[in-house]
Amino acid sequence: MCWLNARRISTFTNDPYAGNPAWVVISVDAPQDEKRLQILASELNPVSDTVFVFSGTESSDVYLRFFSQSEEINFSGHGTIAAYHALESEDLIKFTEPITLVRQKTRTGIQHIELRIKDKKIERVTVSLPVPQFISMPLEVKSISRFLGISPIDILNAACPIGVVALSGCSDIVVPVKSCDFLLNIEPNFQLIKDYCAQFHLTGIVVYCLDTLDKNNTAHMRHFAPAIGINEDPVSGAGSASLGCYLLHNRIVPIEEMTRMLVEQGCSMKRPGLVYIHVYTHKNQILKVSFGGQGVVTFEGQVLLPRG
């Protein structure tokens, strides 16, 4: 039998059981059979993702694999945040104050991670992502409004365009609505969203508004991704980063050399969280985007790896 260290982390929050939950399994040199990992992920996390942490390669310090309830996925923002909080008490990475830099390998390649360290504890994990792509594709407001369960006029009245952003292996439709109250009351048809995303090879739908619960924040959003086994993601780092790039690309927020944004999410699921977004530009062109957040451990112990 093979027992592995495991921790459950609430991400994008400092409050236990808020934000986005993720299980982290420290596998190190354990077997990497996809079927066994999928069984364990499905057993552990009915809400969101499970991340498996392995030793690094010649080009990386750690190797992460992410699984939803139904399949292995390319990348998980909150899974990445969770992984490093879970590694605080492991020997896989040496943490140095005030900043520790890490190269992580995933299915989408190498990402660069910055860990802000104080008193041997992680204060914030920041993930750097590649330059986003803004994809032109035929999007019908009528179809989108139908699977979101709203009227086409509710989208058009938001006075912002619908867009598609591809970032770090994920592609999301970004849809504006008029107010936070309206956004929180949306009841989508997940099967229709799944079918639509499968048709166009999309990850999910980001629905947002500029009306926020906290006046200091930039936007409020919800993220629906049933095509990858997650009907609604409580708080999505990659989805928030896509939204931040979309807001700059469409000049919805003022563009600067480094634009800082704060994105609220999770209130619809009573799991509020906050994502820090930084978008770096030069001559109005996006050069780099990063997102960051906190995390808190809510469980630690061991889990049994299923038999092959």
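The values are calculated or read from the model by the stated rules, or taken from the named source; none is laboratory data. What you see is a predicted model; the values in this text were computed from it and never measured. FYI the Cβ positions are ideal-geometry reconstructions off the backbone, even for glycines, and counts take in every protein chain you see.
The set of residues in the range 175-229 that are farther than 16 Å from residue 150 by Cβ, among the aliphatic types (A, V, I, L, M) and under 17 Å from the mean Cα position of the chain (by Cα) comprises 202, 219, 225, 227, 228. As a summary of the residue check, residue 285 satisfies the conditions (1) closer than 28 Å to residue 7 by Cα; (2) modelled with pLDDT under 95 except for the one numbered (1).
Can you name every residue in the range 85-109 that is in contact with a Leu (Cβ under 6 Å, 6 or more places away or on another chain) and buried (at least 20 other Cβ atoms within 10 Å of the Cβ)? Please lay out each step first, then the result.
Looking only at the range 85-109, we keep the residues that are in contact with a Leu (Cβ under 6 Å, 6 or more places away or on another chain), and these are 93, 100, 104, 106.
Matches in the range 85-109: 104, 106.
For the range 65-78, indicate whether the set of residues that are crowded, with 21+ Cβ neighbours inside 10 Å, among the β-branched types (Val, Ile, Thr) and either part of a loop (DSSP other than H, G, I, E, B) or modelled with pLDDT of 90 or more (or both) is non-empty. No, the range 65-78 contains no residue that is crowded, with 21+ Cβ neighbours inside 10 Å, among the β-branched types (Val, Ile, Thr) and either part of a loop (DSSP other than H, G, I, E, B) or modelled with pLDDT of 90 or more (or both).
Summed over the range 259-291, residues that are of a type in the set (Lys, Arg), crowded, with 16+ Cβ neighbours inside 10 Å and out of contact with any Pro (no Cβ under 6 Å at 6 or more places or on another chain) total 1.
For residue 303, indicate whether it is under 24 Å from residue 83 (Cβ atoms), at pLDDT 95 or above and among the aliphatic types (A, V, I, L, M). Steps first, answer last, please.
Working: under 24 Å from residue 83 (Cβ atoms): yes; at pLDDT 95 or above: no; among the aliphatic types (A, V, I, L, M): yes.
Considered against the rule, which asks whether it is under 24 Å from residue 83 (Cβ atoms), at pLDDT 95 or above and among the aliphatic types (A, V, I, L, M), residue 303 comes out as no.
Only one of the numbered conditions (1) at negative phi; (2) modelled with pLDDT under 95 is not met by residue 165, and that is (2).
Checking each residue in the range 228-258 for being in contact with a helix residue (DSSP H, G or I) (Cβ under 6 Å, 6 or more places away or on another chain), of a type in the set (A, V, I, L, M, F, W, C) and surrounded by fewer than 24 Cβ atoms within 10 Å (Cβ to Cβ) picks out 253, 255.
Looking only at residues in the range 18-30 that are at pLDDT 95 or above and part of a loop (DSSP other than H, G, I, E, B), which one is surrounded by the most Cβ atoms within 10 Å (Cβ to Cβ)? If we take residues in the range 18-30 being at pLDDT 95 or above and part of a loop (DSSP other than H, G, I, E, B), then 19 is surrounded by the most Cβ atoms within 10 Å (Cβ to Cβ).
Within the range 50-87, the residues that satisfy the criterion of being touching a residue at least 40 places away in the same chain (Cβ under 8 Å) and acidic (Asp, Glu) are 61, 71.
Counting only helices (runs of 4 or more DSSP H) wholly contained in the range 110-206, the ones carrying 1 or more residues that are surrounded by fewer than 16 Cβ atoms within 10 Å (Cβ to Cβ) and of a type in the set (Gly, Ala, Ser) occupy 141-148, 190-200.
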